[in-house]
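Novice: Pasting in a structure now, in structure tokens, and then I'll have a few things to ask.
The values are calculated or read from the model by the stated rules, or taken from the named source; none is laboratory data. Since the model is a prediction, treat every value here as computed from it, not as a measurement. Methodologically, a virtual Cβ is constructed for each residue, glycine included, from the backbone with ideal geometry; neighbour enumeration extends over all protein chains shown.
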Amino acid sequence: MQLEEDIPLSEEDIKRIKEILLNLKFDSFQIHPHYWLNGIKGIPRHGFELEKLKELFNKVDLIEKGFKRKSKSGFSYTLIYKISRNYFVKISYFFDERPMKIFNAIPINRSLDKAVSKRYGLRI
């Protein structure tokens, strides 16, 4: 099985996505079953609580970078919210599905540059 390629989002793409998020409410999104550990609602797979996700949702000024990847129904978009120098959260969205979905939220405690370089082979 071949993994799909992560495609960095352009500054224009990120700006467009920020505008979309600002015009939507958190409740416009369904939480994908993958978000929950073993599909059990209430236990987040990556430990990022739903309340924290709600708080972060419209803070689009924290979005630093993003990537997209081909999915069954279009693209999945991973947006990187930079909270501090060595703490950020990757949130994956399915904007092309109806209803739109939040796939996962992964908190990362390390340098954004190092994490992106290791995961995506890119320097930012």
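Novice: Could you check how many residues of segment 23-53 are more than 19 Å from ILE83 (Cβ to Cβ) and either touching a helix residue (DSSP H, G or I) at 6+ places or on another chain (Cβ under 6 Å) or not aromatic (Phe, Trp, Tyr) (or both)?
Specialist: Total meeting the criteria: 18.
Novice: Considering segment 48-84 alone, what residues qualify as being farther than 20 Å from ILE7 by Cα, assigned to a strand (DSSP E or B) and of a type in the set (A, V, I, L, M)?
Specialist: ILE83
Novice: State which residue is nearest to LYS54 (Cα to Cα) when the search covers only segment 25-40 and only residues that are surrounded by 13 or more Cβ atoms within 10 Å (Cβ to Cβ) and free of Cβ contacts under 8 Å to residues at least 40 places away in the same chain.
Specialist: If we take residues in segment 25-40 being surrounded by 13 or more Cβ atoms within 10 Å (Cβ to Cβ) and free of Cβ contacts under 8 Å to residues at least 40 places away in the same chain, then PHE26 is nearest to LYS54 (Cα to Cα).
Novice: Taking into account only those residues within segment 47-58 that are under 15 Å from TYR93 (Cα atoms) and not aromatic (Phe, Trp, Tyr), which is surrounded by the fewest Cβ atoms within 10 Å (Cβ to Cβ)?
Specialist: Top of the filtered list is LYS54.
Novice: Something else: Taking ASP96 as meeting all but one of (1) outside any helix (DSSP H, G or I); (2) modelled with pLDDT of 95 or more; (3) of a type in the set (Asp, Glu), write down the number of the exception.
Specialist: Every listed condition holds for ASP96 apart from (2).
Novice: Could you check how many residues of segment 65-103 are under 16 Å from PRO8 (Cβ atoms), surrounded by fewer than 19 Cβ atoms within 10 Å (Cβ to Cβ) and of a type in the set (Ser, Thr, Tyr)?
Specialist: Number of matching residues: 0.
Novice: Name the one entry in LEU62, LEU53, LEU112 that is modelled with pLDDT of 95 or more, within 20 Å of SER10 (Cβ to Cβ) and of a type in the set (A, V, I, L, M).
Specialist: The conditions single out LEU62.
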